[in-house]
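Student: A single structure is presented below for examination.
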Ligand SMILES: Cc1cc2nc3c(=O)[nH]c(=O)nc-3n(C[C@H](O)[C@H](O)[C@H](O)COP(=O)(O)OP(=O)(O)OC[C@H]3O[C@@H](n4cnc5c(N)ncnc54)[C@H](O)[C@@H]3O)c2cc1C
């Protein structure tokens with residue numbers, strides 16, 4: 001939702017990805033804090049965002065910052081594409097919805113009790 005921009009805000013959140021939207025939403029829900037959420041990309045109300053079966057069509061589109069790596073010797077001097085969401089929702093709007101569980105040593109991050117509380 002886009003509203004008329006006011007002259008000043010208590011908080012400006014830069015980037016409407018998952019993290020930015022959650023932070024802005026939590027702050028706004030307090031009621032007493034005015035929040036401006038700035039997103040460089042568009043609203044993302046297109047089928048490539050709403051239908052996860054075709055998520056890969058977002059890559060290389062206007063919803064992708066289209067970053068690339070430096071030329072890599074291991075890629076025969078080519079640059080690897082580094083997609084990143086440029087749209088409301090950020091990477092969450094263009095990603096593959098894969099729930100990737102941490103493996104091996106990473107599983108100890110946060111501790112066993114915390115994982116159990118989260119149901120992991
Ligand atoms: C193609 C792709 C596939 C993925 N697949 C999966 C998956 O299957 N499973 C999974 O768990 N994770 C996946 N991820 C990773 C996941 O989407 C990200 O880790 C997550 O979205 C990061 O959220 P974030 O809020 O930290 O950052 P981002 O989502 O990157 O949000 C940053 C936001 O800030 C905006 N922004 C940046 N600079 C400015 C500026 N100067 N002014 C205004 N706005 C700005 C960007 O446009 C973007 O919307 C994928 C990511 C991509 C790109």
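Nothing in this text is a laboratory measurement; each read-out follows from the coordinates by a stated rule. Here the structure is a predicted model, which means the values were calculated and not measured. Every residue, glycine as well, gets a Cβ built from its backbone with ideal geometry; the counts of neighbours run over all protein chains shown.
Student: Quick one: 7, 39, 48, fewest Cβ neighbours within 10 Å first, how do they rank?
Tutor: 7, 48, 39
Student: Multiply the residue gap between residue 38 and residue 67 by 0.36 nm, knock off their C-alpha separation, and tell me the result in nm, one decimal place.
Tutor: 8.4 nm
Student: Suppose a student asked you for the relative contact order of the chain, using Cα pairs under 8 Å spaced at least 6 residues apart; what percent would you report?
Tutor: 23
Student: Oh, and also: What would the Debye formula give as log10 I(q)/I(0) at q = 0.19, 0.20, 0.22, 0.25 Å⁻¹ for the alpha-carbon point model of the stretch 11-96, no solvent?
Tutor: These q points yield log10 I(q)/I(0) values of -0.83, -0.88, -0.96, -1.08.
Student: Let me ask something else. State the three equivalent ellipsoid semi-axes of the stretch 1-43, derived from the C-alpha gyration tensor as the square roots of 5 times its eigenvalues, in descending order and whole Å.
Tutor: 16, 13, 9
Student: When the chain is fully extended, how far beyond the present Cα-Cα distance does residue 95 get from residue 22, taking 0.36 nm per residue of separation?
Tutor: 24.5 nm
Student: Which of 100, 19, 68 moves most in a GNM of the chain, Cα contacts under 10 Å?
Tutor: 100
Student: Running a GNM on the chain with Cα contacts under 10 Å, which residue among 17, 31, 60 ends up with the highest mean-square fluctuation?
Tutor: 31
Student: Considering only DSSP beta bridges whose two residues both sit in the stretch 11-96, what percent are antiparallel, to the nearest 5?
Tutor: Here the share of antiparallel DSSP bridges comes out near 35 percent.
Student: Say we join alpha carbon atoms closer than 10 Å with springs in a Gaussian network model of the chain; which of 91, 77, 41 then has the biggest fluctuation?
Tutor: With Cα springs under 10 Å in the chain, the top fluctuation among 91, 77, 41 is at 77.
Student: Still on this model: Pull out the extension gain between residue 10 and residue 53, defined as 0.36 nm times the separation in residues minus the alpha carbon to alpha carbon distance; nm, one decimal.
Tutor: 11.6 nm
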